[in-house]
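Report on the structure given below.
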Amino acid sequence: MRADLPRAIAEGLREAGAEVAFGFPGGGPNLDVVGAVTNAGLRFVLAHGESAACTMAATYGLLTGCPALALATRGPGAASAANGAAQATLDRFPLLLVTDAVPERHAARVAHQRLDQRALLAAVTKWSGRLGHDDPSATVRAALDLAAASPRGAVHLDYDPSAAGDRPAPLAPAEATEEAEPHRQAAALLAAAHRPVVVLGLGALADAEAVRRHVTRLGCPVLSTYQATGLLDSEADLAAGLFTNGASERPLLEQADLILTIGLDPVEPIPAAWDYAVPVLSLQPCPLDEPYTGPAVCLHGPLGALLAELVELADAAPSRPEWGPRAGAEHREQVRDQLLAGRGDSFGPLQVVEVARDAAPPGVTATVDAGAHFLAVMPLWPTPEPLSLLISNGLATMAFALPAAIGAALARPGRPVVCFVGDGGLAMTLGELETLARLALPVTVVLFDDAALSLIAIKQRPGQGGEAAVRFGPIDYAAMARAAGIEGTTVDSAAELAGALAEGWGRPRLVDARIDPGAYSHLLRVTRG
């Protein structure tokens, strides 16, 4: 085997700025890559599964700005990595996935573990190709550049030194809108608006400081998608809470005479109808095939520059917004009051979030899994800065939060992480508790334990399988955590949870909160309708 392919991967990662690689390797070529990565001075983190390794690497890449490597063997390894690659692509996290492959020179004879991996992974990546003997360094550089380019996502390379490689086409820089008419329409809409509402999406993160500055100057309520939360401090007077195109933001949007979306990616909102009749002005870093909101005046280019132009025009307009200075905060507080009205007397998800919020140290990063518990976490967890609250939104996959917490802890050394996960999602990634122990990462896993798929149970109708479809038997997750080598505690009340979280944020641990899921129906009604 030629050694230039492993070296090309390792040197490409190092030049891109990555310091950690992740994987669940098979033998042979996988181990050659691991050896090259470690020889290049990068740290290799062994995961317990390929999908988890992808999520770790993708989260690390998101938070550092340097696409990281996830490594998998051929056949079952590549197939297992598909969910992690899909998470990176639909959530817009940068990732390079490299898989071993049956060499082309043997493909006609060897059927064992032979899959068309490039076709398999093409469906869940930005590009899927082959890393071969033809200038592998250029292929790796092009793949890393593509993973990091907007919209970010996963890029896959099949490792095959027996064949010539291929590589993605060079990236064409996105050009800003130059036509005068859209700019005139945009300026006229903003100048005439008395009650504009801003919706921030994940695309705004690329120019976060400028977007935050100009949005603050506009002085109108600001809603944020899950992935854009924290771009404007969630507790600021203008911050109106979350935008999902659900029920909770409707009272505010129905008062608007203009909706200004900034970097709103169509992958972010729930697949509900858009039925607001007011004009929409959409600012995007890159052109979209079709805005989620349907017909809109669209401008694309550097968001900071577009906003600066529009805000100057708005400042010069004779009319000013009619919103009060705390219109955003008032709406946010009303929504939170509605949510907390479902708290009840039993120990439930709302109490878990409130206690964890009060106990968490400054600078903590939170990761959130898919499941009913996110309905409590997302609107109540404070986000003072971007990317301090991470969730799989575009794919909305379970088994995200724990691998993402590991990736976050490695990307931000020394900063504590809290991982909010349900029992369904944790069961899919239990092995990664050992990874926490082995790496001694400052991750606190807070488990919402109700022995059920509660979000699915809420949606379940008669004739859809009954309890057998959504209920688990009891599991002692705290004991499992201790068996994996980390501290494990079970709590049955808010007071016990507060005691468990009072200290210990610098070490890996799990707190199994045995909750009453009764509040989830209320949370779903408030947030989604």
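The values are calculated or read from the model by the stated rules, or taken from the named source; none is laboratory data. Since the structure is predicted, the reported quantities are computational estimates derived from the model, not experimental observations. Using ideal geometry, Cβ is built from the backbone for each residue, glycine included, and neighbour counts are taken over all protein chains shown.
Where strands (runs of 3 or more DSSP E) fall entirely within region 43-113, those with at least 3 residues that are buried (at least 20 other Cβ atoms within 10 Å of the Cβ) are at 68-72, 95-100.
Put simply, of GLY414, GLY394, GLY431, GLY422 the only residue that is of a type outside the set (A, V, I, L, M) and under 13 Å from the mean Cα position of the chain (by Cα) is GLY394. Tell me, please, whether a residue that is farther than 20 Å from SER162 by Cα and either aromatic (Phe, Trp, Tyr) or assigned by TED's automatic domain parsing to the domain that holds THR397 (or both) can be found in region 67-77. There is no residue in region 67-77 that is farther than 20 Å from SER162 by Cα and either aromatic (Phe, Trp, Tyr) or assigned by TED's automatic domain parsing to the domain that holds THR397 (or both).
Restricting attention to region 410-438, the residues that are basic (Lys, Arg) and over 19 Å from GLU503 (Cβ atoms) add up to 2.
Out of curiosity, is GLU385 over 27 Å from ILE515 (Cβ atoms) and either assigned by TED's automatic domain parsing to the domain that holds ALA451 or surrounded by 22 or more Cβ atoms within 10 Å (Cβ to Cβ) (or both)?
Spelling it out, GLU385 is indeed over 27 Å from ILE515 (Cβ atoms) and either assigned by TED's automatic domain parsing to the domain that holds ALA451 or surrounded by 22 or more Cβ atoms within 10 Å (Cβ to Cβ) (or both).
Candidates PRO291, PRO279: the one that is closer than 26 Å to SER392 by Cα and either in contact with a helix residue (DSSP H, G or I) (Cβ under 8 Å, 6 or more places away or on another chain) or buried (at least 16 other Cβ atoms within 10 Å of the Cβ) (or both) is PRO291. Considering region 302-325, the residues that are assigned to a loop (DSSP other than H, G, I, E, B) and among the small types (Gly, Ala, Ser) include one that is surrounded by the fewest Cβ atoms within 10 Å (Cβ to Cβ), namely SER319. Checking the stated criteria, VAL37 turns out to be buried (at least 24 other Cβ atoms within 10 Å of the Cβ) and over 15 Å from ALA401 (Cα atoms). For PHE24, are the conditions met, namely being surrounded by fewer than 24 Cβ atoms within 10 Å (Cβ to Cβ), among the aromatic types (Phe, Trp, Tyr) and in contact (Cβ under 8 Å) with a residue 40 or more places away in the chain? So PHE24 fits the description; yes.
The set of residues from region 250-301 being of a type in the set (A, V, I, L, M, F, W, C) and in a loop (DSSP other than H, G, I, E, B) comprises ALA256, LEU264, VAL267, ILE270, ALA272, ALA273, TRP274, ALA277, VAL278, CYS286, LEU288, ALA296. Is one or more of the residues making up region 364-377 in contact with an Asp or Glu (Cβ under 8 Å, 6 or more places away or on another chain) and either within 21 Å of ALA409 (Cβ to Cβ) or not aromatic (Phe, Trp, Tyr) (or both)? Taking every residue of region 364-377 in turn, none turns out to be in contact with an Asp or Glu (Cβ under 8 Å, 6 or more places away or on another chain) and either within 21 Å of ALA409 (Cβ to Cβ) or not aromatic (Phe, Trp, Tyr) (or both).
Among the residues making up region 424-448, those that are within 13 Å of ILE475 (Cα to Cα) and crowded, with 23+ Cβ neighbours inside 10 Å are GLY424, LEU426, LEU447, PHE448.
Check region 29-43 and report whether any residue there is outside the structural domain of GLY394 (by TED's automatic domain parsing), on the phi > 0 side of the Ramachandran plot, at pLDDT 95 or above and of a type outside the set (S, T, N, Q). The answer is yes; a qualifying residue exists.
Evaluate region 234-244: report whether one residue or more is outside the structural domain of LEU121 (by TED's automatic domain parsing), charged (D, E, K, R) and either assigned to a loop (DSSP other than H, G, I, E, B) or in contact (Cβ under 8 Å) with a residue 40 or more places away in the chain (or both).
Start the filter on region 234-244 by keeping residues that are outside the structural domain of LEU121 (by TED's automatic domain parsing), which leaves 234-244.
Cutting the leftovers down to charged (D, E, K, R) gives us 235, 237.
Filter once more, so that each one left must be either assigned to a loop (DSSP other than H, G, I, E, B) or in contact (Cβ under 8 Å) with a residue 40 or more places away in the chain (or both): 235, 237.
Scanning region 234-244, I find at least one residue that is outside the structural domain of LEU121 (by TED's automatic domain parsing), charged (D, E, K, R) and either assigned to a loop (DSSP other than H, G, I, E, B) or in contact (Cβ under 8 Å) with a residue 40 or more places away in the chain (or both), so the answer is yes.
Assigned by TED's automatic domain parsing to the domain that holds SER137, in a loop (DSSP other than H, G, I, E, B) and either touching a Phe, Trp or Tyr at 6+ places or on another chain (Cβ under 8 Å) or not hydroxyl-bearing (Ser, Thr, Tyr) (or both): is that true of GLY12 in this structure? No; evaluated as a whole, the condition is false for this residue. Take ARG461 and tell me if it is in the same structural domain as GLU503 (by TED's automatic domain parsing), part of a helix (DSSP H, G or I) and without any contact (Cβ under 8 Å) to a residue 40 or more places away in the chain. Against the criterion (in the same structural domain as GLU503 (by TED's automatic domain parsing), part of a helix (DSSP H, G or I) and without any contact (Cβ under 8 Å) to a residue 40 or more places away in the chain), ARG461 does not qualify.
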